[in-house]
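What follows draws every value from the coordinates through simple rules; no lab data is involved. Here the structure is a predicted model, which is why all the values come from computation and not from measurement. Reconstructed Cβ throughout: ideal geometry from the backbone, glycine too, with neighbour counts over all protein chains shown.
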């Protein structure tokens, strides 16, 4: 971890950042307030305050609790004005806040805590290097991709729910494949069971064959078998015939956007020096690799693999009360997006013999599927930390023969 040197700092400026304005509190090394005011999220106003503090106190350390999004402008201006910059992780800040008197949470209180933590506990700070263009672009695109993934799930669930309402048998056939281009093409053209039946087998096969050359005939046959299992028409079917094509079109558009983003994410990931190190580990693909690169970078911000696992929410938490110990449970803290990336990469790695052996071992120990995957994700975090620390590629481990 990069240690922030605060020995020559003349003023510690804590910024509780906001969308339209920030609250700024500056403290001298002795703890005396040098500034305590609201500050518009405007470059001229930010420059004015930074210049005044520099003129009076010399070197200024600007600290925020959110280095991205709403904290990006003040950090950029601070750097350009000649200030040092750092950030106090949100979880760390919340824990530090518990040692300060009072329960009221205000912007002024948070700004003071940030500044005072920087002054008295510099080891809690994290350095902010000059933004790497690749990481900055990746963070923006991956964030948008995450939003699209959530939207795709929402629309897909809405579409499956509607099909279940009017024709459960049909949903059981097309539902599991709802994001397949062939199924979406079919539902965009024919939005009700009646319309699908009226189109006929041959027409449907011709329609979806370009998107599903190998399964077109089997899928259409399964659809007609499902249609034969329900003879009644459920109320609302006519309305669904209008809604289903619209939902299918929306879902198709979202998925097309994600394909475009995936191409750009892959280009950016491949351009980064750590790309080959990350993707050498089985199970780490384009999206999971990008998320790990954004949140972990070269791993130097973490003193040990245990710190990385804790940050990712992969370190188990022991639930206890008095003399009662309820055992270890998955942590609910940490970076949820990073945890999901490790979890998904662990699931994808089950095709790797060494990973599968470790997973099976945990299953035999009595853990259920999700617990075993989390154990595997935790183990992989240890390995990845060592890879990033040493700059080495993944080395397949021999599978023990039992």
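Label reach from residue 126 (point 7 Å along Cα→C-beta): in the range 5-37, amide nitrogens under 19 Å belong to 5-6, 14-18.
In the chain, the convex hull through the Cα atoms has an average projected area of 27.4 nm², a quarter of its surface area. In this simple spin-label approximation, residue 21 and residue 239 carry label points 7 Å from Cα along the Cα→Cβ vector, and these lie 4.7 nm apart. Solvent-free Debye calculation, one equal scatterer per alpha-carbon of the range 137-267: log10 I(q)/I(0) at 0.09 Å⁻¹ equals -0.28. As a calculated quantity, the FRET efficiency between residue 203 and residue 32 at R0 = 60 Å, using C-beta atoms, amounts to about 0.15. Fewest Cβ neighbours within 10 Å first, please rank 106, 6 accordingly. Listed from fewest to most nearby Cβ atoms, that is 106, 6. In nm, to one decimal, how far is the residue 99 label point from the residue 8 one, both placed 7 Å along Cα→Cβ? So the two model labels end up 2.8 nm from each other.
Among 80, 98, 145, a tally of other beta-carbon atoms within 10 Å of each Cβ gives an order, fewest to most, of 98, 80, 145.
As a calculated quantity, the FRET efficiency between residue 214 and residue 307 at R0 = 51 Å, using C-beta atoms, amounts to about 0.60.
State the antiparallel share, in %, of DSSP beta bridges confined to the chain, rounding to the nearest 5. Of those bridges, close to 65 percent are antiparallel. The label-point distance for residue 54 and residue 369, in a model that sets each label 7 Å from Cα toward Cβ, rounds to 5.7 nm.
Computed from the C-beta positions of residue 108 and residue 76 and an R0 of 30 Å, the FRET efficiency is 0.80 to the nearest 0.05.
Cα gyration tensor of the range 275-390, axes a ≥ b ≥ c as square roots of the eigenvalues: rounded (a/c below 1.5), prolate (a/b > b/c) or oblate? Note, shape of the range 275-390 comes out oblate.
Diagonalising the gyration tensor over the Cα atoms of the range 87-183 and scaling each eigenvalue by 5 before taking the square root yields semi-axes of 48, 20, 9 Å, largest first. The length gained by stretching the chain between residue 231 and residue 297 to full extension, at 0.36 nm per residue less their Cα-Cα distance, is 18.0 nm.
Entry note, the chain: the mean residue ellipticity at 222 nm calculated from DSSP H runs of n ≥ 4, each adding -39500 (n - 2.57), is -18500 deg cm²/dmol after division by the residues and rounding to the nearest 500.
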